[in-house]
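One structure is given here, and the rest of the page talks about it.
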Amino acid sequence: MPFTNSGSDDSFCGGSTFWNTTAIRSSSYPKLSECFQQTALTFIPCGWLWLTAGFHIGYLRRHTRVISLPMTWLHTARLFVALTLGLASGIHLFLPLEEDQRFPASFFVSQSLWLITYLLACILMVYSRICGVMSPCVIVLFWLLTTVSHIVPIYSVIIQEAYHHALMRFAIELVTFALILIEFALHLAGDIEVHLIHATSYKDPCPVMSSSFISKLTYSWMFRLLYQGFRSTLVLKDIFDLPGYMQSRNNVPAFMDAWNQEFSKRTDLRHNKYQIGHPFSINGKDVIIPNYQSSTDGKTITPTQPTKGTCHPQPAVLDNASKIECQQGKTPSLIRALVKVFCLPLLKAQVVGVMADALLYANPLLLGRLISYIEAKDERPKWEGYALAASFFAVVLTSSVLSSYRFYTCTCIGDRVKTVLAAAVYKKSLTMNAEGRRNFTVGNVVNLMTVDCQRFRDLITKLYALFSWPVQISIAFFLLYNVLGIAFVAGIITLLLLMPTNAKLTTSLKGIQIRQMALKDQRIKLVNEILNGIKVLKLYAWEPSFQKKILEVRRHEVLELRKAAVLNSINSLCWVISPVLVTVTSFVAYVLITGDSLTPSKAFVAMSVIHTMKAPMDTLPALISQIVQCQVSLKRLHKYLTGGDLDEADSGQSSDDFPIQVKEATLTWDRTTTPVLQNITMSIPRGKLVAVVGPVGAGKSSLLSAALGEMEQLTGQRSMSGQAAFVPQQAWIQNMTLQNNILFEKPLEEDFYTKVIEACALEADIELLPDGDQTEIGEKGINLSGGQRQRVSLARAVYQDADVYLLDDPLSAVDAQVGRHIFQNVIGPHGIIRDKTRLMVTHGVHWLPLVDIIIVMDHGKITETGTYEELMNRGGHFSHFVRNFLLENQDEDVQEPDVLELPGEIKDDAVRGMSQENQSGLHTRHIQNQSIRQRQRKKHEAATGGDTLCDKSISPNGATETPPKAGTTEKRPKPLIDEEKVQKGQIRKAVFSAMLRAFGYLPVIVACFFLIFYNGANVASGLWLSEWTNDDYLKNETYKGTGKYTSDTYRYLGVYSVLALTQVLGNGVFVMLVFVQMVTASQRLHNLMLNSILHQSMVFFDTTPAGRILNRFSRDVDIMDVLIGRQLWMAVFTGLNMSVTLIIISYSTPLFLAVLPPIVFIYILFQRFYIRSSRQFRRLESTSRSPILSHFTDTIHGAGSIRAYGVGRRFYSQFQDSVDNNLRCTFVTESARRWLKVRLEFLSSVMVFFACLFAVTSHGVSASLVGLSITYALQITESLNQLIQHITMLETNSVSCERLVEYINLPHEPEWVQPDRRPPPGWPARGRIAFHGYSTRYRPHLDVVLRDITFTVEAGQKIGVVGRTGAGKSSLSVALFRMIEASGGSILIDDVDVSTIGLHDLRAGLTILPQDPVLFSGTVRFNLDPIDLHSDAALWEALDYVHLGTCLREWAGQLEYVCEENGQNLSVGQRQLMCLARSLLRKTRILVLDEATAAVDLETDALLQDTIREAFRDCTVLTVAHRLNTVIDYDKILVLGNGEILEYGDPGELLADTSGAFYNLAKESGLVP
């Protein structure tokens, strides 16, 4: 400290003044008084530590330790230096006792305070280390402030040469300052040894968790990853784990608790229960209890299976918008729940940000001082100019660091909010009831997760403007009042006039946003349906019809987007141009009110103030737009999360003796419709096999769903005890290995697993798979046949070793032989689950004598219950039907395994029990069907679609079609689902070219012209203002009031106003053109991508997860629709503004050109170093989002099975892992951006410093030019930040365009129509098929699956195609449709080579009845006839043919009845009948049958077989047979083996050859002895 000889002065400072401006300015250096040094420079750093110590200790006490900090030499050194400083202060305190000088009280207070503060610092350092907090900001900032506060005393004692008269004190000052610098450096160094407490939880811990305060402040911990990305292309495994505070597991529970507390305190609901249940475990079983705070009875809801229809479905009736029925209290608020969890950290960030914003307004004040200094440079000390330049540097840098902290924290909070909302959406998907699933389709929910949750994240990152804008505007207006006086009110009025405009725009935008999001939901839903039913679309050549439907929805969506783009451009223009308008109106008002001309200090300080508040104004348009979008998203999320959940109405009446009990229960899928099940009463005994039978639409599947808790219970009671296993009618298979599909995460028990495989008849299939049970199964089991999928689903259930088994027609997709094997070894009295409770839906009469109890259903009611013998003796409808069935099979010449399954005495009893009259009538009808083909084909009950020993194996990669040869070693095949391709390096020029073409060349030229027009006016206005304020005549106030003075002033003002209006015009046209035209560009790219997707072959869809495609149609298209336009505008706008700024600075102070090149060079280095990694981060973020959507859609489709098995926790954990995986990329993207931002802001601070420095040192530079130069220089920081941010965001978001272009450029399948090679009208007229040396493979690198196939099918012949699994049967059928292309030979249909005509011409001439029923959302009319070719009469005729007409006439709307997504409001049987009606309408000469009547009852099946024979009697029929008895009476049999023809001929001739392949197959099937 400096010292004083104050004598006997008793004042606190010994007579020294606190602040003496005259003394300071008259000195050659900033000479601050001793009183100032001993008070302010002591109290500020010490006061900081004492004021924050309590908060810091409180934080440490609540802090959760993540790292441990062992005592190292670094910690020891810090403590030693701090204690030494305290010792130095103590020595300094007692030195006056040895000297003659008198020291004031301020000296003793100062030294005493330093002493105890150093001791406090030591205590905090030790406590922080113990609590695992490294480099606490409180302590680091204390040492920073201490270092700064000691600069003044040290240069004072050096300049005053205190070593001459107070050497000891001089030495203490030097030692103290040196120790402070060492201490500060030690804290900046961080810690050398850091241990993660939960190190095993991280594969690659995030460096931020073990980085020092300064590393966090400058984001230096990102350097290693950025350097790696600069040297090589990053992949996902290179990115480190998320820090703990960002991980889902540390954020979601708190939000879920807040959400549940929110509604539990404020609502009392009658039906809708808002809570999103937490997964928990009961008896080792993961369960999700939806909608309840707790479960006290130990019961669980295990819902299953999507909505089934009955014969009397009702129209979908939408409830009110909220679907909330509150009896009292308020509606739960999603916002309140979010605020409870994230308010505090967000508020902390905003407080820091407001400090940064307020600090920026020190720049105009400094600018005023600098202009005053320039105007009187000769009279002022030089150090003042240097101090002003340094002050500019310090203010800009400090504000930048604080602002960067705010942005980074808000972005992290935004990511956490997005994570918890996505988790809530996912959890809700596991608890939604049928009404919720109807109202929120897959497309809706995907949009909620990808778009709506993202909008909350985007809003939070810009929410700072709501806090910052009022503060900045208040400070700005206060400063403007000080500069311009009352004239500043004109600026306020200008802003107020803009408010109503923006309010109206906001209201309009909200309505547009609601409509646009509804259209987006509809579009995504359609895309999802197309992906699910793409095979049907291609087989029926319906792609153009569905493409037209999507394009129509997209057209309406784009109309709303264009409206929003126009309004957004007007809104953006209002706020961006508002600083210009405020400047003009304020200057005009100033001139008119005062009559004075503008001076440099007034003009440029006012401009600096207005430009400073320009930043929040620039942000307001985007903020307003995002608030509107977020409001819409909030309502959508709220409606979804508060929608109806599964009703947990388990009465708890079940017992060990009766695990399933239902008493007088009436149940429905939707409370707005007629009940599906009425007055249901049943008790299922433990260990019994109970069969549920009845016609299509009777409610059989619904009964199983009711037992599982899927349905809404209106009356009565139901309960189920024990762990359940569920086998749905449509098997749910995941994209994983076959073994993992069966294990379902249970530990592998080798013996039991092998036993299950054998019992479910999967051994032969596994042997033929390329990797056995380790073979990867595609999405929805795409590379397995229907029978294989069903058996895998059954094996999964059996392996779970559950207490209760609910089996929904598990044998419908297998042939009789395999069905008998499965029944005997799995389900029946001697099967693996024989001791378990089994409730099985079946259409197989032959199994009924072997079950314990039969439940007969019709029209949603239980009509009969009892054993087989009891029901037969009652003589009811059941016995009548069984007797009919048995009589019609008693004279069969062929031994039918299904009928042989029935005991002989039961068949005899059935014959005796019928009256002679009825027997005669039946016999007469039977005689009319005596042909072998008719007798055999009408016994095609639930085995439809079956397969196994003669099974098919449709493999997208062709691997299973050719089994490996014995004795050969094959390489492990390429995985079925490849990793999503990630581009490398720079965005390809082709991508920007595609974007440019989509934007339009002419609009680009026009936009560039108006942009140059705007910037020219901007430069001219600045120079004109400089000229105005530098006018010597107007500077002379003695001329004020003269005509020339007034006219010159008005002339300058008029030109300045015109230039300002020119800026408005140029910017307005540019903004609107960019916004609107980018929507057009997005529409063009979307349409091109859709067209390209529909032109892909089936191989693409088999090997590409649907989530990957949906990702592009949802998030990537949304980025193109909304973000790219604004980012393009801002990037170009700020880039040219930056150029204008540099030009003006260089013009004003030419010396600046000396430092500009190195600064620009460093800037380019930073940019190039950063952009490589940033681009790759964005690509990885996009690709890592696809697994989230794939997992999510997979969960929605299998939600029933997930609930039934009680594995919600596991699936949710997997979802969390996927979200965290994606968030890793988002986190490093934002961290890298902050890394760059801090460094560029430092460069901009340097540029401001040099601009000020050269203004101070240059001679002959006017104050006007200096004011102009510094005013624009102060914009560099914000301009540079925005420029790099928008350029980076533009390039990284251009990855979305890159991903669209990638799919646009995919190679297409052959042309749909070839105009110059179209077949003759009415082709094929006869139906003759000829294969000539035909060979094919699924993909070029795979082996052929059909080899040298040659055979001919004459017109009208019926051909059965048989063979073992992998023989090539299915490949033959898809080859006929050119779903795979020939690698050799040809196929001729009516002498036309099918390879020479268009795919649609070919496929339109063929008909196939597919195995899996596929329906689309839309009317019955649309599902039957999407291309609108047939009349209503034809549609009704087809429906009557399939016996669906009577039922449909009872439905509301009839042909206009709306089928929901995937036909989930119809039963599986009804869906199959609808598909059959669809095929009947085509009336082609060639028919391919693939066992198309699965899941229908026996009566309906017999009628359908008659229908097929009648409707296609003159057609050529190829049947891919899985049961030989269905084709034994055909004209010819084609036997395939290993892709080659083994035999081809008349079935009688083939059976006569006892050594032939067909004879062996028939013998194995029991058709010959």
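Of the residues ASP647, ASP656, which single one is over 26 Å from ASN433 (Cα atoms), in a loop (DSSP other than H, G, I, E, B), touching a residue at least 12 places away in the same chain (Cβ under 8 Å) and not aromatic (Phe, Trp, Tyr)?
Numbers: ASP647 fails: over 26 Å from ASN433 (Cα atoms).
It is ASP656.
Among the conditions (1) outside any helix (DSSP H, G or I); (2) more than 20 Å from HIS75 (Cβ to Cβ); (3) not small (Gly, Ala, Ser), VAL133 misses just one, which is (2).
Residue-wise test of (1) in contact (Cβ under 8 Å) with a residue 24 or more places away in the chain; (2) open to solvent by 10 Å² or more (accessible area, probe 1.4 Å); (3) not in a helix (DSSP H, G or I).
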residue: ILE1124; (1), (2), (3): yes, no, no
residue: ALA1154; (1), (2), (3): no, yes, no
residue: ILE1159; (1), (2), (3): yes, yes, no
residue: SER1173; (1), (2), (3): yes, no, no
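For region 458-478, a residue qualifies if it is over 16 Å from GLN350 (Cβ atoms) and either buried (at least 22 other Cβ atoms within 10 Å of the Cβ) or charged (D, E, K, R) (or both), and the qualifying residues are ASP458, ALA476.
Tallying residues that are closer than 24 Å to TYR1205 by Cβ, of a type outside the set (A, V, I, L, M) and buried (at least 21 other Cβ atoms within 10 Å of the Cβ) within region 672-712 yields 8.
This table checks each residue for (1) under 30 Å from GLY1453 (Cβ atoms); (2) out of contact with any strand residue (DSSP E or B) (no Cβ under 7 Å at 6 or more places or on another chain); (3) of a type in the set (A, V, I, L, M, F, W, C).
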{"site": "PRO1340", "(1), (2), (3)": "no, yes, no"}
{"site": "THR1352", "(1), (2), (3)": "no, no, no"}
{"site": "VAL1361", "(1), (2), (3)": "no, no, yes"}
{"site": "LYS1369", "(1), (2), (3)": "no, no, no"}
{"site": "LEU1372", "(1), (2), (3)": "no, no, yes"}
{"site": "ILE1387", "(1), (2), (3)": "no, no, yes"}
{"site": "ASP1391", "(1), (2), (3)": "no, yes, no"}
{"site": "ILE1397", "(1), (2), (3)": "no, yes, yes"}
{"site": "HIS1400", "(1), (2), (3)": "no, yes, no"}
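Within region 749-765, how many residues are at pLDDT below 85 and under 15 Å from ARG796 (Cβ atoms)? Number satisfying all stated conditions: 1.
The condition of being more than 30 Å from ASN482 (Cα to Cα), of a type outside the set (D, E, K, R) and part of a helix (DSSP H, G or I) holds for only one of SER625, SER601, SER608, that being SER625.
Would a scan of region 820-831 turn up a residue that is within 30 Å of ASN532 (Cα to Cα) and part of a helix (DSSP H, G or I)?
Taking region 820-831 first, the residues within 30 Å of ASN532 (Cα to Cα) are 822.
With part of a helix (DSSP H, G or I) added as a condition, the list becomes 822.
Scanning region 820-831 turns up at least one residue that is within 30 Å of ASN532 (Cα to Cα) and part of a helix (DSSP H, G or I).
Give me a count of the residues in region 1040-1060 that are open to solvent by 40 Å² or more (accessible area, probe 1.4 Å) and without any contact (Cβ under 8 Å) to a residue 12 or more places away in the chain.
Pass one, region 1040-1060, residues open to solvent by 40 Å² or more (accessible area, probe 1.4 Å): 1040-1044, 1046-1047, 1050-1051, 1055, 1058.
With without any contact (Cβ under 8 Å) to a residue 12 or more places away in the chain added as a condition, the list becomes 1042-1044, 1047, 1051, 1058.
Residues flagged as open to solvent by 40 Å² or more (accessible area, probe 1.4 Å) and without any contact (Cβ under 8 Å) to a residue 12 or more places away in the chain within region 1040-1060 amount to 6.
Kindly provide the set of residues from region 1126-1152 that are in a helix (DSSP H, G or I) and in contact with a Ser or Thr (Cβ under 7 Å, 6 or more places away or on another chain), ordered by number. The answer is THR1134, ASN1137, MET1138, THR1141, ILE1144, ILE1145, SER1148, PHE1152.
Which of the residues spanning region 734-752 are over 30 Å from GLY1107 (Cβ atoms) and in contact (Cβ under 8 Å) with a residue 24 or more places away in the chain?
First pass over region 734-752, keeping only residues over 30 Å from GLY1107 (Cβ atoms): 749-752.
Once the filter is applied, which keeps residues that are over 30 Å from GLY1107 (Cβ atoms) and in contact (Cβ under 8 Å) with a residue 24 or more places away in the chain, region 734-752 yields only PHE752.
Being closer than 28 Å to ASN532 by Cβ, open to solvent by 10 Å² or more (accessible area, probe 1.4 Å) and modelled with pLDDT under 90 holds for only one residue in ASP773, ASP809, and it is ASP773. Taken over region 1386-1406, the criterion of being under 30 Å from GLN729 (Cα atoms) and not in a strand (DSSP E or B) is satisfied by ARG1403 alone. Are any of the residues in region 784-800 of a type outside the set (Lys, Arg), open to solvent by 40 Å² or more (accessible area, probe 1.4 Å) and in contact with a helix residue (DSSP H, G or I) (Cβ under 8 Å, 6 or more places away or on another chain)? No, the conditions are met nowhere in region 784-800.
Checking the structure you have, find out if any residue of region 702-719 is polar (S, T, N, Q) and assigned to a helix (DSSP H, G or I). Yes, region 702-719 contains a residue that is polar (S, T, N, Q) and assigned to a helix (DSSP H, G or I).
Restricting region 571-598 to residues that are touching a Lys or Arg at 6+ places or on another chain (Cβ under 9 Å) and not in a helix (DSSP H, G or I), the residue that is nearest to ASN1067 (Cα to Cα) is SER597.
Does any residue of region 94-117 turn out to be under 18 Å from CYS46 (Cβ atoms), of a type in the set (Ser, Thr, Tyr) and surrounded by fewer than 18 Cβ atoms within 10 Å (Cβ to Cβ)? Within region 94-117 (the criterion being under 18 Å from CYS46 (Cβ atoms), of a type in the set (Ser, Thr, Tyr) and surrounded by fewer than 18 Cβ atoms within 10 Å (Cβ to Cβ)), the answer is yes, since at least one residue qualifies.
Counting only residues that are open to solvent by 20 Å² or more (accessible area, probe 1.4 Å), modelled with pLDDT under 75 and not hydrophobic (A, V, I, L, M, F, W, C), which one in region 1283-1321 is nearest to the chain's Cα centre (by Cα)? Taking the candidates together, the pick is GLU1291. Among the residues of region 1407-1419, are any touching a Gly at 6+ places or on another chain (Cβ under 9 Å) and outside any loop (DSSP other than H, G, I, E, B)? Yes, region 1407-1419 has at least one match.
Checking region 1078-1092 against the condition returns a match, with at least one residue being open to solvent by less than 30 Å² (accessible area, probe 1.4 Å), within 20 Å of ALA565 (Cβ to Cβ), of a type in the set (S, T, N, Q) and under 33 Å from the mean Cα position of the chain (by Cα).
Would you mind stating whether PHE1013 is at negative phi and either surrounded by fewer than 21 Cβ atoms within 10 Å (Cβ to Cβ) or at pLDDT below 80 (or both)? Here the answer is yes, as PHE1013 does meet what is asked. Among the residues of region 1423-1450, the one identified as surrounded by fewer than 20 Cβ atoms within 10 Å (Cβ to Cβ) and among the aromatic types (Phe, Trp, Tyr) is TRP1436.
Just so you know, in region 480-504 the residues that are among the aliphatic types (A, V, I, L, M) and open to solvent by less than 20 Å² (accessible area, probe 1.4 Å) include one that is nearest to ILE335 (Cα to Cα), and it is LEU495. Remark: pairs (first residue in region 1240-1254, of a type in the set (A, V, I, L, M); second residue open to solvent by 30 Å² or more (accessible area, probe 1.4 Å) and at pLDDT 85 or above; Cβ separation under 8 Å; 6+ apart in sequence or on different chains) = LEU1240/PHE1166; LEU1243/ILE1162; LEU1243/PHE1166; VAL1246/PHE393; VAL1248/PHE393; LEU1253/TYR386.
Looking at this structure, is LEU1473 surrounded by fewer than 19 Cβ atoms within 10 Å (Cβ to Cβ), modelled with pLDDT of 75 or more and in a helix (DSSP H, G or I)?
Working: surrounded by fewer than 19 Cβ atoms within 10 Å (Cβ to Cβ): no; modelled with pLDDT of 75 or more: yes; in a helix (DSSP H, G or I): yes.
No; evaluated as a whole, the condition is false for this residue.
Counting only strands (runs of 3 or more DSSP E) wholly contained in region 1275-1375, the ones carrying 1 or more residues that are small (Gly, Ala, Ser) and over 30 Å from SER1173 (Cα atoms) occupy 1329-1336, 1358-1363.
The values are calculated or read from the model by the stated rules, or taken from the named source; none is laboratory data. In this text, all values refer to a predicted model and were calculated from it rather than measured experimentally. Reconstructed Cβ throughout: ideal geometry from the backbone, glycine too, with neighbour counts over all protein chains shown. Keep in mind that these areas ignore ligands, DNA and RNA; they rest on the heavy atoms of the full protein, side chains included. Shrake-Rupley method; radii C 1.70, N 1.55, O 1.52, S 1.80 Å.
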